[in-house]
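The values are calculated or read from the model by the stated rules, or taken from the named source; none is laboratory data. The shown structure was predicted, so the numbers you read here are calculated from the model rather than taken from an experiment. Cβ placement follows ideal geometry from the backbone for every residue including glycine, while neighbour counts extend to all protein chains displayed. Areas reflect the complete protein model, heavy atoms only, side chains present, ligands, DNA and RNA absent. Shrake-Rupley method; radii C 1.70, N 1.55, O 1.52, S 1.80 Å.
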Amino acid sequence: MRVYLALAAKRHDIPADVLSRVRTVIETAFPVPADVIRAREWHGRGVSLLAWTNEPDDTRQPPLISEHDGRVIGLNGHLADPADVTRLPGDGVGGCFSAWIARDGELTASTAVNRVCPVFYAETPDLHVVGSRALLVHLAAQPVDRIEHDVLALQTMIRQGFFLSDETPYKGVTALRPNARLDVRDGRRAIAETPLPEAAPAPASARAKRAAIGELAEALLATVAPLRDLSEPVNLALTGGRDTRILAALLHAARVPFRVTTNGLDTHPDVIIARRIAARLKVEHTVIAPQQTAQKDAVLVEHPLRRAWETLRTCEGMTSAYESIVSYLPYSGKPTMSGQSGETLRAGSLNLLQTDLGDKALQRRITTTFAKDEKMFTAEANEHARELARPWLARPDRLEALDHLYIWYKVGRWQASARAGSLRRGDPVRPFLDNRVVRAALSLDQGWRLSEEVIYDLILRFAPQLRDVPIEGKPWRFAEEMTKRWPWSRLPAGHMPTAKTGGGWSWRTSPGPALTDILRTQVLGNLDALTPVVNPDEVRALFADPVVRKPAQAWHLYTVSTLLTGLYPGKEPEGLEQITVSRPDPAR
């Protein structure tokens, strides 16, 4: 994981006390042990670029800070080709990254098309502050060692568990939008945004379809080409679903050595189908059987306060403790891959939730995404949510609006925050997050991508031997339409419905009375902190039953409550006992 902070003076030099404070607070803002942090700095006329990493050495390219043609460049994330560092910032560069560029009197920070490697910025009377960690930017911009929260901005955290805006939990700190560039020249800041790519109409012929998919296929191949020369095979987490199947086919087509692992029992569709895929592609397949906990009457879980502390520390108050964040492990350079964000190739998860694609239904999806559970919130919070939704509702193309909402917020805010946990462990290649891949995908018609014909054709292009391997879950979306229109055509392979097992119970979604009571005590005992955005009576009603009826929202409230009452920054909670969560009575 890499962390960057850039300072640009408005008039004279960077104050020495600001640099001193930044060096001190990095241990608070960087969620790894202090003894593994390495630092580099560059200082020029009126501009400083500071960088930190927990990478154990300088073997990963490009370096933490490098100099090219009079420019100092930092890269947060990775490039498909490290030599492209000299092209930054550039729309056509492949990889998953944000760029930091400095020289005397000049500073540039830029996001890629999905801003999954974020840039945050703030301003003081004397400085422009830009960084990859929101809390670090806030602490650098504060005149004293004190945190000020933007409580109104947190209304979206309580509704959804992440940010549906460019706001952050910290006053004065804003997230740079996707495909944007922030420039400071001689103390003056300017921000330029480039709209996301506009989708072309769906191609009308088979030849036109092949040509349209070609750019996306080439972009995907470019993301994995550098992996051919690694000293060990890539480990791909493979299921029976769509997104990881594309990656298996992609690695096969690119001639990248890889092996696959699948979690599950031998009777589960994921394992059955993954085994067939591995056999067709002639790669090693390991099955990891889950612990047999389904029949246990109860489980022991960590105390919510400890869970919230780690989530706040890692995700900076921008992801709910309801989510399971990858815990810290020492940095490893071993190549790994998963199907994270594969929905980008299928018009985004918000469109995939829809069965009704009518205009009113899609408009309702946009509205409820921003303003769900209105009764829970104050009039000011609801108006704020409606204001955030307004530009998206104004878009005439609803499919495009939901597609871009997914990129802006589900990827650019939720994943950008939550993936900080895994980035501490290494920098895995994520083809579906690649700048060129996302651009190529967004250029294809949303309805066509939503039909899943695009990803099906990609799989057959990369590995035609997978044609008759069934899919896990629901059938291919386009197959039903083919059956109606061309019953004589060769249909895709069938599907294996998702297995429903007795292991579906989760302590997070069925928290039980003991865990509910801890959540309730924190939230109701600190309602004053939340009243600027929530209706106290509605919050009390949420916790009225012995077991809370909406566990996710209870966790969101708990996370925001602990943030506002000072759980983090602060010492890790100690002496907290584990909580027993009992399995619900099936007869209840």
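Among the trypsin sites (Lys or Arg not before Pro) in the stretch 509-560, which ones are in a DSSP loop with at most 14 other Cβ atoms within 10 Å of the Cβ? Mind listing them? List each step's numbers first, then the result.
Values: sites: Arg520, Arg540, Arg549; in loops: Arg549.
Passing sites in the stretch 509-560 are Arg549.
Evaluate the distance, in nm, between pseudo-label points positioned 7 Å from the Cα of Ala192 and of Thr59 along their respective Cα→Cβ axes.
If labels sit at Ala192 and Thr59, their model points lie 3.9 nm apart.
Residue by residue through the stretch 416-425, which ³J(HN,Hα) values in whole Hz follow from phi under the Karplus form 6.51 cos²θ - 1.76 cosθ + 1.60 (θ = phi - 60°), with glycine and proline marked x?
My calculation for the stretch 416-425 gives 4, 7, 5, 6, 4, x, 6, 5, 5, 8 Hz in order.
For the stretch 236-317, would you read off the P(r) tail past 14 Å as a percentage of all alpha carbon pairs?
On the way: 2300 of 3321 pairs.
That tail contains 69 percent of the Cα-Cα pairs.
Amide H neighbours of Val287 under 5 Å, at least 5 residues apart or on other chains, H built in the peptide plane: list them.
Thr262
Given points 7 Å out from each Cα along the Cα-Cβ axis, report the Val299 to Glu574 separation in nanometres with one decimal.
Distance between label points: 2.9 nm.
Using only the Cα atoms, what convex hull volume per residue in Å³ does the chain have?
On the way: hull volume 96.1 nm³, N = 588.
Each residue corresponds to 163 Å³ of Cα convex hull volume.
With the contact rule set at Cα under 8 Å and sequence spacing of 6 or more, what percent relative contact order holds for the stretch 36-178? Kindly include the intermediate steps, with their values, before the conclusion.
Details: 257 pairs, mean separation 22.6, N = 143.
Answer for the stretch 36-178 is 16 percent.
Could you tell me the largest-minus-smallest coordinate of the C-alpha atoms of the stretch 62-121 on each of the three principal axes, in descending order and whole angstroms?
Between the extreme Cα coordinates on each principal axis of the stretch 62-121 lie 29, 27, 19 Å.
Mind listing the phi-derived Karplus ³J(HN,Hα) values for the stretch 233-239, rounded to whole Hz, using 6.51, -1.76 and 1.60 with θ = phi - 60°, and x for any glycine or proline?
Listing the rounded values in order: x, 6, 9, 9, 7, 10, 10 Hz.
Can you list residues whose amide H is under 5 Å from Arg45's amide H, if they're 5+ apart or on another chain and H is modeled 1.01 Å from N?
Asp104, Gly105
Cα-based Rg (one decimal) and Dmax (whole number) for the stretch 511-588, in Å?
Considering the stretch 511-588 through its Cα atoms, Rg and Dmax are 13.6, 44 Å.
Can you list residues whose amide H is under 5 Å from Leu127's amide H, if they're 5+ apart or on another chain and H is modeled 1.01 Å from N?
Under 5 Å from the amide H of Leu127 lie the amide H atoms of Lys10, each far enough along the sequence or on another chain.
With 29 Å as the limit, write out which pairs from Lys375/Lys474; Lys282/Lys410; Lys171/Lys410; Lys410/Lys474 have Cα-Cα distances beyond it, or answer none. Can you show the working numbers first?
Numbers: Lys375/Lys474 35 Å; Lys282/Lys410 35 Å; Lys171/Lys410 22 Å; Lys410/Lys474 23 Å.
Pairs exceeding the cut-off: Lys375/Lys474; Lys282/Lys410.
Ranked from the most accessible area to the least, with a 1.4 Å probe and all protein chains present, what is the order of Asp35, Asp445, Asp356?
Working: Asp35 135, Asp445 40, Asp356 80 Å².
Correct descending sequence by accessible area is Asp35, Asp356, Asp445.
Against the 2.2 N^0.38 Å scaling, with N counting residues, where does the stretch 294-334 land? I'd like the Cα-based Rg ratio to two decimal places. Walk me through the numbers before you get to the answer.
On the way: Rg = 13.4 Å, N = 41, 2.2 N^0.38 = 9.0 Å.
Expressed relative to 2.2 N^0.38 Å, the Cα Rg reads 1.48.
Please work out the Cα center distance from the stretch 1-45 to the stretch 256-332, rounded to the nearest Å.
The distance from the Cα centre of the stretch 1-45 to that of the stretch 256-332 comes to 34 Å.
Need the C-alpha centroid separation for the stretch 433-484 versus the stretch 186-204, integer Å.
So the two Cα centres are separated by 26 Å.
Give me the accessible area of Tyr409, 1.4 Å probe, in Å² rounded to the nearest 10.
10 Å²
Restricting things to Cα coordinates, could you compute the convex hull volume per residue of the stretch 1-116 in Å³? Can you show the working numbers first?
Working: hull volume 12.2 nm³, N = 116.
Per-residue hull volume (Cα only) is 106 Å³.
How much accessible area per residue does the chain have, in Å², with a 1.4 Å probe? Can you show the working numbers first?
Details: 25040 Å² over 588 residues.
I get 43 Å² per residue for this part.
Calculate what fraction, in whole %, of the accessible area of the stretch 209-360 sits on carbon and sulfur atoms when a 1.4 Å probe is rolled over the protein chains. It would help to have the intermediate numbers written out before the result.
Details: 3560 of 6870 Å².
On the stretch 209-360, the fraction of accessible area on carbon and sulfur atoms equals 52 percent.
Per residue Cα convex hull volume for the stretch 299-432, in cubic angstrom?
Working: hull volume 21.4 nm³, N = 134.
Given the Cα convex hull of the stretch 299-432, per-residue volume reads 160 Å³.
Determine, for each peptide in 3-12, 556-565, 510-519, 84-93, the mean count of other beta carbons within 10 angstrom over its residues, then list the peptides with the highest first.
Averaged packing, sorted descending, gives the order 556-565, 3-12, 510-519, 84-93.
Counting only protein heavy atoms and a 1.4 Å probe, tell me what percentage of the stretch 1-61's accessible area is made up of carbon and sulfur.
On the way: 1360 of 2780 Å².
The C+S portion of the solvent-accessible surface of the stretch 1-61 is 49 percent.
What value does the stretch 97-211 have for Rg/Rh, both radii from Cα atoms and Rh as Kirkwood defines it? Could you put the intermediate results ahead of the total?
Details: Rg = 18.1 Å, Rh = 16.1 Å.
When Rh is taken as the Kirkwood radius, the ratio is 1.12.
Apply the Karplus curve 6.51 cos²θ - 1.76 cosθ + 1.60, θ = phi - 60°, to the phi angles in the stretch 297-314 and return the couplings in whole Hz, x for Gly and Pro.
Computed from phi, the couplings for the stretch 297-314 are 6, 7, 10, 9, 10, 5, 4, x, 5, 5, 5, 5, 4, 5, 5, 4, 5, 7 Hz.
Sort 469-476, 396-403, 105-112 by packing, meaning the average of other beta carbons within 10 Å per residue, with the highest value first. Mind dumping the intermediate values first?
Working: 469-476: 17.9, 396-403: 20.0, 105-112: 22.8.
Highest mean packing first, the order is 105-112, 396-403, 469-476.
Which whole number in µm²/s is D for the stretch 32-179 by Stokes-Einstein, with the Kirkwood Rh taken over Cα pairs at 25 °C and 0.890 mPa s? List each step's numbers first, then the result.
Values: Rh = 16.5 Å.
It comes out at roughly 149 µm²/s.
If contacts are Cα pairs under 8 angstrom and at least 6 residues apart, what is the relative contact order of the stretch 77-119 in percent? Intermediate results must be reported in sequence, preceding the final value.
On the way: 59 pairs, mean separation 14.2, N = 43.
For the stretch 77-119, the relative contact order is 33 percent.
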